[in-house]
Structures are given as structure tokens and as C-alpha cells.
């Protein structure tokens, strides 16, 4: 990608009225743009990061042990489904609209009211279970106060997976596997997430949140210093000691929730009469679980965990580009070499941002590179040309090294 053609603008001045580092950096670096409170556009750089996050999540949801099948459900949903589950009046963030013919509809904040009647058309027998389906879909929540940039918004892209089971035992086995899958997903994105006990509400005694320690976090968690299980603030009073290892030494931290998993039991299958016929011929209710990850919030969390005073430091797994190529000066031989390297990198399937802008100084280009946070910076200059080398710098490190032209592509590819 030629940087001069990129649909973005950077701002070197730190914002004074933002509530999180991620909001400040993502807006100043041209990854996202705020349309109104809690609503954002993802520009090309931000969209590439979002798609990389989506790819990591999708791979883990499709593969064993999750074994999910991807579907896509509508965001516009009928009132009667929410009345059946008693959430039309009792779900305080539900966006309600008037459709054609004065028909009441809702913009889905979550999709139990859609996936259960859908499953009712497909699941009839114990032979149809277990099954899990997931989607990436926009959600809408009429939050009283959207805050912290893309960490809490009113419209957001979410991965939600729903698992359906014949027995509680089968559900619990799947749930325990998904607890580990989620930790793996966040680790792959450069996030250290703590499995955090939370209230299960009316569904179960506990649910599990995945929390990342961050100053911008609106949650308070207590981390067991022995086994590293965390407990959120709402259930801390009933757990003076760690329910996992029975220790009692907790460390209090501010945190951002990046995902959650919880048991639904028959909370949603019962109102829609979602049942299956068991081996003995009897009808039984389907037992369900739900597993969610907000992609925009995860993107913000990655930035909260990976930045310095100059800008973002993207982990290579989610970065918009792997390398940032910068020629310095106007020497024709330098520019010719830069063009060749740009072509060679593309042939090697290395995603590259090429800063070929002629109206920017070397200092301006380097400042932009630090702000954007792409993992590798490759500089070509008269100095490097004399040594048949390029200047290679990893964004996460301070050291700059000269690397022979024939070697640097291999270094970048192998990490």
C-alpha cells in the first residue's frame, strides 16, 4: 500500500479530552473516526486490524474443540421474540424502533432471541446435538454513557457463539474446553487475560469474564496471587478466599473486559419450547451456553497493552501491515532501490506500507511510523545503499541495525 494513497490522516498532538490511551492513539493515528458518542468508523488501517482479530477468532471457533459453524443472523429483530423472553421491558439497553405498519422491532444487543427459534427449525433429536454456531455481527446497545473510545460503544462488532447440548454434563465439558480456547485466543493477540469469576445472574452461580489489566478499565478485579484466578467486584464479598485454591491474598486492579462465557441453561430454550427427543423417546429441553468477544473492544485493549509515548506497538499477529518501508532523501538510486524492495516484499506476500511521500521530511516519516506502530521499519538511504544494506528496526525495540538486502526479508518473515 502506498502511504500517499492511504485514506487516513495523523495528528501529532495528544488529545486533551479522551478517557483512554487507546482512544487517543487510534484516533490520532487514523485507525478510527468518531461519528458521535459511542459510534465509530474504522478506516483502512483500523479495518485491517479488525479483520486480523476476526481471523484469529474465526480460526479458533472453527477448529476443535470449539467446532463452531459460522452463520450470520439479522440485527433487526421482532418484538414478540423479546416479549417471550421477558426482555422487551426488562433489557434497559435495548434499542426499540417502529417499522413499517407501526410494527415494533429491536436492534439486537445479543442474539439468543434469534438463534433459539432458528435452532427450533433444525434440532429435533438427540442425534442433532451437541452443536455450536457462531457469527460476527454488529450489536446495538443504548448505553447511558459510552466511554473510553472503542472500549465501550453503542454499536460494536461482536463474535457470539451459542452451544446447544442434550445434557448438563455435556455442556460443562464443552464449557471447560472453551475457557481454555478463550485464553489461547487472547494470548495470540498479545493480550494477557485473566479468567475472572463473575455472577451468573439467573442462569448459573458463576459466569467467566476475560479481563485485561488496564488503567482505562471500568471494572475492578481481584487477582489471586497464588493461582491467578480473578474475581470481579460484584461477587468479591461472597468470596473472602479464592474459590479455586482457597488462598486469600488478592491484588486489586482496574481492568477491561475483553470476552465472556456463561451458562444459559434452559433460560432461552424454555420460552421458545426448544426441545429434543432423547434416546428413550422422551422430550427434553435443550441446554445452552453463550460465548462472546467484542472485536472493537479487543482492538482497543491490544493498544492499551502495547504502546509507548510515541504511539502504538502492534503485535505482528494483528498489525495492519507487517513492515513499513521508508526511503530517506531524494537520491534516485535510493528511490529506485525502495521501489524494487517494495515489489520484492509484495512477491513474498509480506504486507507492506510504503511511505513514498516526497513532501515529508525523514523526521516526519519516522514520527508517523512510530505513531502507526507497524512491527518492522525498513529505511533505505544513501548511507545504507553504500553498504548494500537496509536499516531495520523493530517497533517494540530501540535498537537499529544494518541488515544486508539479501537477508532482511528472511528476518522479517521468520520474526
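Readers should treat all values here as calculations from the given coordinates under stated rules, not as data from a laboratory. The structure displayed is predicted, hence computed values, not measured ones.
Values as computed for the structure displayed
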| item | result |
| --- | --- |
| Percent RCO, i.e. relative contact order, over region 323-414, from Cα pairs under 8 Å lying at least 6 residues apart | 30 |
| Value of [θ]222 nm, deg cm²/dmol, for the chain, DSSP H segments ≥ 4, -39500 (n - 2.57) each, nearest 500 | -8500 deg cm²/dmol |
| Anisotropy class of region 323-414 from Cα gyration tensor, a/c 1.5 cut | rounded |
| Over region 1-121 - Rg/Rh using Cα atoms and the Kirkwood inverse-distance radius | 1.08 |
| Long-range Cα-Cα pairs in the chain (distance over 37 Å), rounded percent | 33 |
| Fraction of antiparallel bridges per DSSP, the chain only, in percent to nearest 5 | 85 |
| Alpha carbon Rg of region 58-192, scaled by the compact-globule rule 2.2 N^0.38 Å | 1.18 |
| Rounded to 5, the percent of DSSP beta bridges in region 323-414 classed as antiparallel | 55 |
| GNM top mover of 210, 354, 162 - the chain, alpha-carbon springs below 10 Å | 354 |
